Amino acid sequence: MPIAKWTIKGIVDDHQECDCCGRRGLKRTVALMPLDADGNEDGTAEDVVYYGTSCAATALSWTKGRVTDTARAAQAKRDQHDGVARRMISIYAPVEFAPARDQARVYYGRNRHQRGTAMKATEEVAKLLAEARATLADTTTGPARPSRIEDFRRYVVLLTEDLRILRVLPVPEEESARQAQAAAAQLRAERMGGSVLLVAALDAEAARDVAYADDLTREWNTKAWQATHV
């Protein structure tokens, strides 16, 4: 059986012209990465082409339905990887230049099974951040995504009495709205015996991770926000 020349990387809506037939005004296109003779990916984001579903189906000798389903699954996987990357950056970027002891406490606090091994926390933190940034910088199926501490935004996290997260709310830009949100969150927390945290992260899901992290992680999270936004 011949090796396919392409593999599907995802489906995008910012490329509205088919690189195969030139048709324009498409709602979405399929991102195709070239393969080498052994069936391995053979290129970078610059080598990806964007085909309409009909042209992609012809190139792959598939049905349009199979192309669409595969493209959506590939994009969902890509989005999942992006989410993990945002969480890694939200947790570890604030401690990137912290003392080695603090980096170790944050890292081993989340990776207790590695404590006492030959693995160096500072090296693992650097590795995780490099991988996460590379993931968000990949433009295969869209523009690069925010990945810097400067891109963090603040979130109010409302916790129940047993420390479950009830709500995660982005903090408004306008000062009066911020004050109103803070007062409402504090009042609700008091009524149910809960508490309120203010954290910074790349998105709301990452903010949940920061809220559930240890005190030292949140301390460095606050320091990073203050250093870049105050």
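The values are calculated or read from the model by the stated rules, or taken from the named source; none is laboratory data. If you're wondering where the values come from, they're calculated on a predicted model, not measured in any experiment. We place every Cβ from the backbone using ideal geometry, glycine too, and count neighbours over all the protein chains shown. Accessible surface areas use protein heavy atoms only, side chains included; no ligands, DNA or RNA. Shrake-Rupley method; radii C 1.70, N 1.55, O 1.52, S 1.80 Å.
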Q: Please enumerate the residues belonging to the range 82-121 that are in contact with a strand residue (DSSP E or B) (Cβ under 9 Å, 6 or more places away or on another chain) and either open to solvent by 40 Å² or more (accessible area, probe 1.4 Å) or under 30 Å from LYS9 (Cα atoms) (or both).
A: ARG86, ARG87, ILE89, SER90, ILE91
(Q) What pairs come out if I take residues in the range 154-179 that are in contact (Cβ under 8 Å) with a residue 60 or more places away in the chain and pair them with residues that are not aliphatic (A, V, I, L, M) whose C-beta lies under 7 Å away, six or more apart or interchain? (A) ARG154/TRP225
Q: Check VAL84, VAL67 and return the single one that is within 28 Å of ARG153 (Cβ to Cβ), part of a helix (DSSP H, G or I) and of a type in the set (A, V, I, L, M).
A: VAL84
Q: Show the residue pairs that are 6+ apart or on different chains and have beta-carbon atoms under 6 Å apart, the first residue being within the range 99-128 and at pLDDT below 90, the second being in a helix (DSSP H, G or I).
A: ARG115/TYR108
**Q.** Among (1) farther than 30 Å from GLU123 by Cβ; (2) open to solvent by 30 Å² or more (accessible area, probe 1.4 Å); (3) touching a residue at least 24 places away in the same chain (Cβ under 8 Å); (4) not basic (Lys, Arg) - the single one VAL48 does not satisfy
**A.** (2)
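What residue, among those in the range 78-98 that are of a type in the set (D, E, K, R) and touching a residue at least 40 places away in the same chain (Cβ under 8 Å), is farthest from PRO146 (Cα to Cα)?
Filtering the range 78-98 for residues that are of a type in the set (D, E, K, R) and touching a residue at least 40 places away in the same chain (Cβ under 8 Å), the one farthest from PRO146 (Cα to Cα) comes out as ARG78.
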Q: All but one of (1) in contact with a strand residue (DSSP E or B) (Cβ under 9 Å, 6 or more places away or on another chain); (2) open to solvent by 70 Å² or more (accessible area, probe 1.4 Å) hold for ASP69, so report the exception by its number.
A: (1)
